[in-house]
Structures are given as structure tokens and as C-alpha cells.
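Read-outs throughout are calculated quantities, based only on the coordinates presented, and are distinct from any laboratory measurement. Here the structure is a predicted model, which is why all the values come from computation and not from measurement. All Cβ positions, even for glycine, are placed from backbone atoms using ideal geometry, and neighbour counts span all protein chains on display.
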Amino acid sequence: MLVHLLPLSCPRPRPAAAACSSSRNGPSSCADSGPWARAGGRGARRRAMRGRTDVEPETPRRGRRGGSGGGDDDGHDPHGAGSGGAALLETVRRLLLAREEADAEGDEKEEEEQGQFPKRWAIVFLCFSAFLLCNMDRVNMSIAILPMSAEFGWNPQTVGLIQSSFFWGYLLTQIAGGIWADTVGGKTVLGFGVVWWSIATALTPIAAKLGLPFLLVVRAFMGIGEGVAMPAMNNILSKWVPVSERSRSLALVYSGMYLGSVTGLAFSPLLIHKYGWPSVFYTFGSLGAVWFTTWATKAYSSPLEDPGISAAEKKLITSQSTAGEPVKTIPWKLILSKPPVWALIVSHFCHNWGTFILLTWMPTYYNQVLKFDLMESGLLCVLPWFTMAVSANVGGWIADTLVSRGVSVTTVRKIMQSIGFLGPAFFLTQLSHVNSPAMAVLCMACSQGTDAFSQSGLYSNHQDIGPRYAGVLLGLSNTAGVLAGVFGTAATGYILQHGSWDNVFEVSVVLYLVGTLVWNVFSTGEKILD
């Protein structure tokens with residue numbers, strides 16, 4: 001630090017009056033003590049050297065003939081012959097100061113670059129992994145149901161009843177989970193959900209061997225745990241994720257569901273083939289304990305509760321946050337009086353009818369119609385879900401890009417959800433015209449790939465219209481979505497016993513079209529609930 005030993009110039013001693021000023025109401029206070037103001041410190045010296053402020057070295061100025069009066073109007077060096085040495089010292093000092101400042105700025109930049117991974121994206125990733133487990137535990141039954149039906153002698157109507165029993169519990173906790181998350185905090189609620197459904201998953205083989213009523217109860221219990229997941233996640237992200245990153249973060253989390261389906265459908269046949277169908281439930285159920293250990297120690301309901309988050313990231317999140325104060329009471333009358341809320345509810349029902357039918361019945365479709373065996377059914381079911389995982393994130397980036405370029409949020413939500421409705425409707429109509437299994441699988445993949453654009457449509461809209469009630473709004477709309485799962489899954493079994501797969505797909509297409517109409521007429525991307 002030799003820079004501080006170098007004199008800036010060679011001034012004469014300053015008069016005391018120039019250095020200190022007396023206050024009539026108090027003792028004298030020194031404004032300066034030497035060429036540089038102490039209050040400015042190193043930063044003031046640096047800024048002065050770089051010409052960023054009007055701070056100048058306070059060297060006493062002489063008259064032209066060495067007198068103390070009069071200004072140095074001609075700008076000549078006041079020190080005469082010694083000015084060359086003073087100028088050299090000042091130049092060296094400036095160079096050293098510039099180097100010191102550059103090093104300090106470089107250290108700060110390096111510290112930022114080597115800083116912690118953004119905490120908000122760590123939370124997003126933990127939510128992503130929770131939804132990965134969620135769908136792994138949900139879709140394993142769609143594969144295991146084939147050997148289970150052969151072992152226990154279940155007919156298609158019984159299979160439909162078993163598949164729909166999950167939604168009985170799932171329906172019960174949608175609104176309750178939203179209220180709980182908005183009032184207590186998303187961390188507690190999501191943690192509870194994962195532990196609960198993991199235990200129910202592990203108990204499934206025991207219940208099946210005890211009898212059909214026990215299996216139905218355990219599957220309903222599993223639905224109770226998974227029912228709180230989406231409202232809790234929506235509550236957490238409404239507090240953790242800035243508006244400018246909303247579509248991307250939600251797309252990533254929901255792609256965890258799709259990749260969970262990929263993982264479950266890919267590994268379930270392998271486990272069944274090698275260890276028997278109960279191994280699927282034991283293996284997948286045990287993974288919840290691993291997730292919960294990380295969640296309990298690393299996650300917080302909001303950035304304000306997290307002691308480890310950086311001040312810069314906290315400021316970024318809170319500056320763009322629209323969540324507001326925690327909810328104490330739910331204004332049900334106000335919420336249910338808003339047409340955009342009902343647009344969410346109706347559209348969610350229409351969307352989930354087709355989605356849940358594909359989720360629960362696709363392996364059976366591949367087995368019965370396309371004549372694939374168990375291994376092929378599971379592996380080919382992976383492709384449409386993988387397509388959804390990719391297209392959901394593509395849709396999220398597109399939506400956020402459009403918003404950042406000035407397109408209204410309302411327009412973006414309507415465009416994305418229209419793709420999420422009309423795309424699946426078109427490709428499902430093509431299934432009755434294809435003649436090869438490969439084309440049928442391709443149509444399924446395209447149908448679900450376009451379906452995933454809904455993550456940047458209706459699934460992002462809850463936080464748009466009422467960020468403080470994001471959990472409750474998702475609970476409301478997803479209740480309608482679950483009803484679609486209950487009725488749609490059970491109705492599919494009935495239709496198949498009295499009709500064909502073409503009839504199943506026709507019902508889905510009609511509901512997709514209804515959803516498109518309702519969404520484009522009544523939805524909005526503006527905040528309507530404070």
C-alpha cells in the first residue's frame with residue numbers, strides 16, 4: 001500500500017481557518033485535515049483521481065508573484081520549479097490508485113461469480129424433484145395394474161375404479177391444501193404431502209393383498225398427500241420467484257411431473273420383470289424420505305425467512321414480488337365473483353379430462369390397441385411424457401420472452417393455453433386414422449407435447465390474477481381438474497366396456513374445444529385480487 005505514502009502534491013500548510021469551521025451552536029468541526037477529506041476516504045480519492053466528482057486536492061493557490069492574495073488565473077503551477085517533481089509523484093499516485101481500484105473491483109466481481117447458486121432456483125429445483133417423485137408414485141400403478149389384474153382377476157370396470165380411487169383423496173385436499181399453504185406456509189405443507197404419499201405408496205402392495213377395499217383406501221390416502229402438492233408449490237413460487245421468471249420456473253417444476261412419468265414408466269417394467277410388481281411401490285415410496293431430509297434443512301417458505309440468502313437476491317425477489325402480506329382470511333365471495341377465476345376453473349376441468357385419461361390409461365391403450373407387451377407399453381409411454389417435459393420448458397421461455405418484449409401478459413396466457421387445448425384436440429382426432437403403432441405413438445407424443453404449453457397458460461395464471469391467494473386459486477381450479485380425473489378415468493372404463501377408444505378420444509376433443517372458447521373469452525393476465 002505504498003500509494004498512501006506518496007504525496008499528492010507539495011502544498012504549503014493550510015491556514016487553520018480553511019481546515020476547520022466554527023459553529024455558533026457548538027464546538028469547532030474540522031471539515032478537512034490535509035489534502036484529502038477524511039470523510040471521503042479511499043473512495044473519494046479514487047473518484048477524484050478518475051474525475052468522477054468535483055473533489056480537488058486542496059492545495060493553497062498563490063498569486064502570480066508568490067503572494068498569498070489573488071487567484072492563479074493563468075493556470076500555471078503554483079510551485080514553480082518544483083512542479084515537475086510534484087506532477088510526476090501525482091501521476092504515479094494516480095496509476096497506483098487506479099490499479100488498486102481495479103484489483104478491488106476484480107475481487108468483487110470474482111466474489112459474485114463464485115457466490116452461491118441463486119437460492120430461488122434451488123427452491124425451484126427442490127419443487128421440481130418433489131413433482132418428479134409425485135408422478136413416479138402416481139404412474140407406477142398404470143403399469144403394475146396389468147400384472148395385478150391378472151393375479152387378482154380384476155375386470156376393466158374394477159381397474160377403472162382402482163385408478164379413480166386415487167382422485168377421491170386428491171380431491172379432498174386441493175382447497176384445504178391451498179388455504180393451509182397460504183396461511184401456514186408452503187414449506188410445511190409440501191413436506192407433509194411428500195411424506196404422506198410416500199408412506200401410502202409403500203403400503204400399496206400390502207393393501208392389495210388384504211383386499212380391494214383396503215387398496216381403494218390406501219390409494220385415496222395417497223391422493224390426500226399429492227393433493228396438497230400443487231397448491232403448496234404455487235404458494236412457495238409466488239413468494240420466491242420474480243414475475244419476470246414466472247413462466248420458466250413453473251414450466252421447470254411441472255416438467256418434473258412429466259419426467260417423473262418418464263422415470264416411472266421406464267423403470268416400473270424393469271422392476272416388475274426382475275423383482276415382481278410389489279417392488280415398484282416399495283422402491284418408489286422409499287425415495288420420499290431422501291427428498292424430505294434435504295427439504296427440511298434447505299427450504300424456507302419465503303426469502304424473508306431464509307437466513308442464508310444473499311442481500312442482493314433478496315432485494316431482487318422482493319422488488320418484483322406481488323405476493324404481499326400473508327393471508328389471514330380468504331375472501332371467498334370476492335374470489336368467486338370474478339369471471340377470470342371461473343375461466344380458470346372450467347378450463348382446468350377441460351384440460352385435465354384429457355390429461356388424466358392419458359396418464360392412467362395410456363399403457364392399457366398400447367397393450368390392447370397397439371398390441372405392445374408390458375415392457376413395450378412402459379417404454380413407449382416414456383416418449384410422450386418426455387416430449388411434454390421438453391415442450392413445457394420451451395413454452396416457458398417463449399412466454400417469458402414475449403412478456404419481456406412488451407406483449408401483454410393476458411395475450412401471452414391466451415396464446416399459450418390455446419396451443420395447450422387445440423394441439424391435443426387435433427392430434428387425438430388423428431388417432432382413428434393412423435394405421436401403424438409408430439404413427440399412433442407419434443400422435444400421442446405430439447398431443448401431450450402441445451398440451452404442456454398449458455404450464456405457461458392457465459397454470460401460470462393463478463399467480464397473475466391473485467398472487468396473495470395463489471394457493472387457494474390453484475386449489476379451486478385443480479379441484480375441478482381432479483373431478484375431471486375422477487369422472488374421466490372411471491368413465492373411460494365404462495366407455496371401453498360399451499364402446500371403443502375412438503369414443504374416449506372424442507369426449508376429450510369436445511372438452512378441449514369448450515375450454516378454448518371459455519379461456520379466450522373470460523381469462524385475463526391482470527391482477528384482479530389484492
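Taking a 18 Å limit on the Cα-Cα distance, which of the listed pairs Lys315/Lys527; Lys187/Lys315; Lys333/Lys414; Lys314/Lys527; Lys239/Lys298; Lys119/Lys314 fall beyond it? Intermediate results must be reported in sequence, preceding the final value.
Details: Lys315/Lys527 22 Å; Lys187/Lys315 21 Å; Lys333/Lys414 26 Å; Lys314/Lys527 23 Å; Lys239/Lys298 16 Å; Lys119/Lys314 9 Å.
Cα-Cα > 18 Å for Lys315/Lys527; Lys187/Lys315; Lys333/Lys414; Lys314/Lys527; rest within.
Need the full-extension length gain, Ser244 to Ala438, defined as separation in residues times 0.36 nm minus the C-alpha distance. One decimal, nm. Mind showing how you got there, number by number?
Numbers: separation 194, 0.36 × 194 = 69.84 nm, distance 3.96 nm.
Net length gain for the segment: 65.9 nm.
Hey, what's the Kirkwood Rh for region 252-369 if you take every pair of different alpha carbons, in angstrom?
On the way: mean 1/r = 0.0517 Å⁻¹.
Taking the inverse mean of 1/r over all distinct Cα pairs, region 252-369 comes out at 19.3 Å.
Pop a pseudo-label 7 angstrom from the Cα along the beta-carbon direction at both Ala150 and Thr401 and give the gap in nm to one decimal.
4.8
Once you have the Cα-Cα distance between Asn520 and Asn367, take 0.36 nm times their residue separation minus that, and quote the gain in nm to one decimal. Intermediate values should be presented prior to the final figure.
On the way: separation 153, 0.36 × 153 = 55.08 nm, distance 3.73 nm.
Contour length minus Cα-Cα distance gives 51.4 nm.
Describe numerically, in nm with one decimal, the distance between label points set 7 Å from Cα along Cα→Cβ at Ser337 and at Phe487.
The answer from the label model is 2.8 nm.
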